[in-house]
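No value in this document is a laboratory result; all are computed from the given coordinates. Remember, it's a predicted structure, so these values are computed and weren't measured experimentally. Don't worry about glycine lacking a Cβ; one is built from the backbone with ideal geometry, like all the others, and counts go over all protein chains shown.
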Amino acid sequence: MSVLQDLLMGFSVALSPGNLLYAFLGSAFGTLIGVLPGIGPAAGTALLIPLTARLPPTGAIIMLTAIFYGTQYGGTITSILLNVPGEAASAITCIDGHKMALKGRAGAALSIAAIGSFIGGLFATIALVFLAGPLTKVALEFGPVEFFALMVLGISLLMGLAGKSMVKALMMGILGLILAMVGMDPVRGAPRFTFGRMELMDGLNFVPVIMGLFGLADILENAEESLSSTVSAKVGSLMPSKQEIKDSVGPIARGSVLGTVLGLIPGMTGSMASFLSYSTEKKASKHPEKFGQGAIEGVAGPETANNAHANGALIPLFTLGIPASPTVAVLMGAFLMNGLIPGPFLFREQPELVWGVIASFFVGNVILLVLNLPLVGVWVKMLKIPYSILFAVILAFMVIGAYGAESSIFDVFIMLLFGILGYALKKFDFPLAPMILTLILGPTMERSLRRSMEMSQGDFSILFASPLAATLLVISLVVLVSSALKVFPGTGKGKSDSGSVGK
Amino acid sequence: MILSSLRMRVTVLAAACMLLAAVSAGAQAFPAKNKAITLIVGFSAGGSSDAGARILASGMEKVLGAKVEVLNKPGASGQIGYTMLSQAKPNGYTIGLASLPGIMVSIMDADRKAAYKKDSFQPIGLQVLDAGVLAVKADSPYQSIKDLIEDAKARPRKITVSTTGLQTGDHFSILQLQKLTGAEFAIVHFDGAGTAMTSLLGKKIDAYVGNVGDVLSQLKSGDIRILGVMDTQESPFMPGVKTFESQGISLLGGSWRGYLAPAGTPKAIVDKLSAAMKTALETEEVKSSMAKLGLQIRYMNAEEYTKIWDEYGTVVKELIPLSKNK
């Protein structure tokens, strides 16, 4: 009961007019950062920290956290409408979200994304309130070995992302892994595939790569067709159909849990959460062939997961004082600047602040929902701009975004290069999702494997010594075998729907 | 002929006078009104290097009466920013943050192919020593550095110790500790303090090496025990925690964050910047902002800072081959 009392006290803090205003401003700024491609949540939050310098600590933290989870809402908008991910965690939404927009269901996609984000954010916050203690213990179980096993499971889901051709999907998966190798070797410190460019020493910068692959490639493809604005007429209703709502229930529920759990584990990013949700949904779906053609599940799941992740990632910060992602690290800096050291004793020493901030997550998520649903109409109007003008504007924003993330012209060229590559891959019908998945998971998988080897001094048995890791590895094996049976029905007692994937 | 040579002489003389005037005026009038000083930070906005630089920049602005703008050029562990700094005009209007031993690693490690050398820079002054610490979980059997070292000697390469990254200050501290004591650890490289600390708390690793600023939270909550601070003096943020030196091991480690100008910057200007840094670091505002972030002010002027540069140059050069696991 005392938790509820604390929470009630928190609400009295969060609902004071001043703090309400800060939550609103934070949500609005966050959405804006999310909409602008290139400026990710970490950089955006860092840039806006000075804005909060003169606020009282509680107000400053409420506003900054609202900016942080607000970005997850905004990122969706451009993914769906323009096929340009506003930030990395929404990249996967491009695949089905934009297809829905082309079919005139942009309004429904945006509504479902906003609702899913709301539920995901709420779920993670409730978890923070009631389960912070026990959940934190789960996070501590994840060392390098368990991390490696989790990444293997993630990559084994890759087969589920294959489109018409499994061979092409595997090729793209390998290409992603190769691209993930670029940069300094994490153990020997030797540069790999950097071609003497120090810009490549930290590896490929993920944001310009996905902006090119998704956004630019799409613009190029559209530009070759006649530039009539046929799409703009079909904005569609904001109300999702009954079927769409029914199809979204499962993905939203799974996305909430998945995102929250992954948020707990330091090192997992919002993009990993949304990608894993996408592959899970495709695997769970009765009609996986609809994915990539505008399946609402492909929007609902990932968008829920990245918001649940954003709020879930605050759990280790509040309970352990550990920043689980780069953006949360920026947030932690803001805590420190306000003289607050995050950790369990903060609950004891400053209960009003902590519970006020937690209560503000509920308030902020409601504000974002209220802010976003009516604004969907405004965003959709963007589509009415003639393509010839719209493309030029998007391109300009993309160049600014690619440059702005690290003020580096090199990243602009990376974006252009991957735009051309993405265009070529599309022309030859290669699926992009497996490549992005391995590009995201690859570095973490490699690092955790090599870290495990450093721990055991080269003894592979360490991978099976941990029950958690062993279980995850066995599940991956099951996933791999079952996918293989589906794809190659001749090798086993193929299921009836095997042809749809293996064709 | 005579006339023309005379004219030439006059011209040369005039030019020389003007140059002289310009040089002395440059130092006198530095920084010129309406001219901003750019401070290159080779790390992304929001990190602790960036935060410290921004606090100093706003402090120096007040002392110098000129704008000091922070420009983030992250990438390649600072190398992109260092390269840009080394190629800037040596007129005092471009200075940069440098983190030791990181910058020395980029110079000494041939694989990094740095476009600059040790003498491409002119040290201005040191701002922060974020001292290294060796930590274990609160319920660990190790009560002192001696316990840990003895066990590591008894079971070589079995005790796991984390770093926050390959070739970071932490990594070099462990290598130095191995060299000083003869103990051998299994060194595990994480990326960043967060993942390494999680592994320590989850008992996946035996010991953790990081900076004071990264462990305050867990120390305060009682989850970890600090076996030693790698400094000559106790950290003001963790009073009562013994230094390595007081436990008989003379190990200095951590991140030394100071500021550099491109080589060739006139001495008068360097001195002026160095003095402005000192004044700024003595103001209450800067002191309290830095204390909140757990950043320990350790001012050194250009000469003292240069000495640290040279010392690290030797240490890093020696340890580079070891750091590459070859």
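With only alpha-carbon pairs counted, each pair once and no self-pairs, how large is the Kirkwood hydrodynamic radius of segment B:171-237 in angstroms? Before the final figure, lay out the partial values.
Working: mean 1/r = 0.0763 Å⁻¹.
For segment B:171-237, the Kirkwood estimate is 13.1 Å.
Taking the Cβ-Cβ separation of B:Ser144 and A:Gln457 as r and a Förster radius of 22 Å, what is the calculated FRET efficiency to the nearest 0.05? Each step should come with its number before you reach the end.
Values: r = 25 Å, r/R0 = 1.15.
Plugging the Cβ-Cβ distance into 1/(1 + (r/R0)^6) gives 0.30.
For chain A, complete DSSP H runs whose alpha carbons reach 24 Å or more along their own long axis and whose mean Kyte-Doolittle score is 1.0 or higher are A:17-35, A:57-82, A:106-140, A:351-381, A:387-406, A:409-427, A:467-487. Taking the three principal axes of the alpha carbon atoms in segment B:72-206, the coordinate ranges are 56, 27, 26 Å, sorted in descending order. Over 22 Å between Cα atoms, which of A:Lys286/A:Lys486; A:Lys246/A:Lys486; B:Lys220/B:Lys278; A:Lys103/A:Lys168; B:Lys89/B:Lys317 qualify? Checking Cα-Cα distances, A:Lys246/A:Lys486; B:Lys220/B:Lys278; A:Lys103/A:Lys168; B:Lys89/B:Lys317 exceed 22 Å. Note: segment B:131-247, Cα convex hull, 90 Å³ per residue.
Among the trypsin sites (Lys or Arg not before Pro) within segment A:75-115, which fall in a DSSP loop and have no more than 16 other Cβ atoms within 10 Å of their own Cβ?
Those satisfying the criteria are A:Lys103.
Under a model in which nothing but the beta-carbon of Lys, Arg (+1) and Asp, Glu (-1) is charged, the protein assembly as shown shows a dipole of about 1240 debye around its Cα centre.
What is the average number of partner chain Cβ atoms found within 10 Å of a Cβ in A:191-200? Mean shielding count: 3. Straight-line cross-link reach from B:Lys146 at under 20 Å between alpha-carbon atoms covers these aspartates and glutamates, not counting any fewer than eight positions away in the same chain: B:Asp170, B:Glu184, B:Asp206, B:Asp231, B:Glu234, B:Glu245. Residue separation of A:Val370 and A:Met171 scaled by 0.36 nm, minus their Cα-Cα distance, works out to 67.3 nm of gained length. Taking only the Cα atoms of segment A:162-314, the radius of gyration and Dmax are 18.9, 56 Å. Considering only B:Pro156, B:Tyr93, B:Ala131, and ranking their Cα positions along the charge dipole of segment B:22-162 that arises from unit charges at the beta-carbon of Lys, Arg, Asp and Glu, the one farthest toward the positive end is B:Tyr93.
Tell me, B:Ile320, A:Ile296 in order of fewest to most beta-carbon neighbours within 10 Å? Numbers along the way, then the final one.
Working: B:Ile320 20, A:Ile296 26.
Ordered from fewest to most neighbouring Cβ atoms within 10 Å, B:Ile320, A:Ile296 come out as B:Ile320, A:Ile296.
Starting from 0.36 nm per residue, how many nanometres of slack lie between A:Leu8 and A:Lys137 once their C-alpha separation is accounted for? Numbers along the way, then the final one.
Details: separation 129, 0.36 × 129 = 46.44 nm, distance 2.61 nm.
Here the segment from A:Leu8 to A:Lys137 would lengthen by 43.8 nm.
Simple spin-label estimate for A:Val478 and A:Glu224 gives 4.4 nm between the two label positions (7 Å along the Cα-to-Cβ direction from each Cα). Each of the peptides B:261-269, B:213-221 was scored by the mean count of other Cβ atoms within 10 Å over its residues; in descending order, highest first, they stand as B:213-221, B:261-269.
When only DSSP loop residues count, what chymotrypsin sites (Phe, Trp or Tyr not before Pro) in segment A:132-193 have their Cβ near at most 13 other Cβ atoms within 10 Å? Please list the in-between numbers first.
On the way: sites: A:Phe142, A:Phe147, A:Phe148, A:Phe193; in loops: A:Phe142, A:Phe193.
Listed in order of number, the matching sites are A:Phe193.
Quickly estimate the mean residue ellipticity at 222 nm for chain B, helices only: each DSSP H run with n ≥ 4 gives -39500 (n - 2.57), and the total goes over all residues, rounded to 500. Let's see the in-between values first.
On the way: 11 runs with 147 residues, N = 326.
The helix-only estimate for chain B comes to -14500 deg cm²/dmol at 222 nm.
Multiplying each eigenvalue of the alpha-carbon gyration tensor of segment B:126-172 by 5 and taking the square root yields semi-axes of 24, 14, 10 Å, largest first, rounded to whole angstroms.
Report the convex hull volume per residue for segment B:186-293, counting only C-alpha atoms, in Å³.
Values: hull volume 17.4 nm³, N = 108.
Dividing the Cα hull volume of segment B:186-293 by its residues yields 161 Å³.
Which whole number in µm²/s is D for chain A by Stokes-Einstein, with the Kirkwood Rh taken over Cα pairs at 10 °C and 1.306 mPa s?
Details: Rh = 23.0 Å.
So the translational diffusion coefficient is about 69 µm²/s.
For segment A:67-156, the Kirkwood hydrodynamic radius comes to 15.1 Å, computed from all pairs of different C-alpha atoms.
Between A:Ala53 and A:Leu102, residue separation times 0.36 nm minus the direct Cα-Cα distance comes to 13.3 nm. Peptide B:184-196 shows a mean partner chain C-beta count of 6 within 10 Å per residue C-beta. With a cut-off of 11 Å between beta carbons, the residues surrounding A:Glu406 carry a summed charge of -2, where Lys and Arg count +1 and Asp and Glu -1. Counts of other chain beta carbons within 10 angstrom of each beta carbon in peptide A:319-325 average 6. Simple rule: put +1 on each Lys or Arg Cβ and -1 on each Asp or Glu Cβ in segment A:2-502, find the dipole, and look at A:Met171, A:Gly116, A:Leu485; the Cα lying farthest toward the positive end is A:Leu485. Normalised by residue count, chain B yields a Cα convex hull volume of 143 Å³ per residue.
Just so you know, the Cα atoms of segment A:372-427 work out to an Rg and Dmax of 14.4, 39 Å.
Here the protein assembly as shown carries DSSP beta bridges of which approximately 65% are antiparallel, counting only pairs with both residues inside. Annotation for segment A:110-181: trypsin sites (Lys or Arg not before Pro) lying in DSSP loop with at most 12 further Cβ atoms inside 10 Å of their Cβ do not exist.
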